[in-house]
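The values are calculated or read from the model by the stated rules, or taken from the named source; none is laboratory data. Quick caveat: nothing in here was measured; it's all calculated off a predicted structure. Every residue, glycine among them, receives a Cβ derived from its backbone with ideal geometry; neighbour counts consider all protein chains shown.
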């Protein structure tokens, strides 16, 4: 199935962002990868309601958009792992904020704790975050 985009004639950053990650699976995939790389089978097990075909398509789109890194290992049987790129690491604070918003907006729901890593507590991510911030200044 072809990817559907929201028309964006004014080049709105929010519309562009929603075109990239604005479906029900991509934020969940990014969330699951926030704690480290995972293989396809593990991702599929962690999202039991997604079909293998849809997961495959979502991973390809995220990779094509520069949000996932796909690493193939020359082993028998072949092994592939997915991990976040610099771009998607930058989304983690926004996803964490969405999780916090849901807790405040819907206090009667007993949510599980959001386990998105705090990128500022991991030295490699801290350096990456600072580099990206300096590049924007």
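Table: residues versus (1) assigned to a loop (DSSP other than H, G, I, E, B); (2) farther than 23 Å from residue 90 by Cα.
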{"position": "6", "(1), (2)": "yes, no"}
{"position": "9", "(1), (2)": "yes, yes"}
{"position": "19", "(1), (2)": "no, no"}
{"position": "24", "(1), (2)": "yes, no"}
{"position": "28", "(1), (2)": "no, no"}
{"position": "32", "(1), (2)": "no, no"}
{"position": "36", "(1), (2)": "yes, no"}
{"position": "42", "(1), (2)": "no, yes"}
{"position": "54", "(1), (2)": "no, yes"}
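Scan region 64-83 and tell me whether some residue there is part of a helix (DSSP H, G or I) and surrounded by fewer than 14 Cβ atoms within 10 Å (Cβ to Cβ). Give the steps one after another, and end with the answer.
Going residue by residue through region 64-83, those that are part of a helix (DSSP H, G or I) are 64.
With the extra rule that they be surrounded by fewer than 14 Cβ atoms within 10 Å (Cβ to Cβ), the set shrinks to 64.
Scanning region 64-83 turns up at least one residue that is part of a helix (DSSP H, G or I) and surrounded by fewer than 14 Cβ atoms within 10 Å (Cβ to Cβ).
Residue 104: surrounded by fewer than 16 Cβ atoms within 10 Å (Cβ to Cβ), over 14 Å from the mean Cα position of the chain (by Cα) and modelled with pLDDT of 85 or more, yes or no?
Details: surrounded by fewer than 16 Cβ atoms within 10 Å (Cβ to Cβ): yes; over 14 Å from the mean Cα position of the chain (by Cα): yes; modelled with pLDDT of 85 or more: yes.
Here the answer is yes, as residue 104 does meet what is asked.
Within region 37-56, work out how many residues are closer than 14 Å to residue 79 by Cβ and in contact (Cβ under 8 Å) with a residue 24 or more places away in the chain. Reasoning before the result, please.
First, the residues of region 37-56 that are closer than 14 Å to residue 79 by Cβ: 37-43.
Subset that is in contact (Cβ under 8 Å) with a residue 24 or more places away in the chain: 37-40, 43.
Matching residues across region 37-56 total 5.
Looking only at region 73-104, count how many residues are out of contact with any helix residue (DSSP H, G or I) (no Cβ under 8 Å at 6 or more places or on another chain) and under 18 Å from residue 41 (Cα atoms). Can you show your working first?
Kept after step one, since they are out of contact with any helix residue (DSSP H, G or I) (no Cβ under 8 Å at 6 or more places or on another chain), are these residues of region 73-104: 73-79, 81, 85, 87, 94, 96-97, 99-104.
Right, trim to under 18 Å from residue 41 (Cα atoms) and you get 73-79, 81.
Here the count works out to 8.
Do you know which residues across region 4-55 are closer than 24 Å to residue 71 by Cβ and surrounded by fewer than 10 Cβ atoms within 10 Å (Cβ to Cβ)?
53
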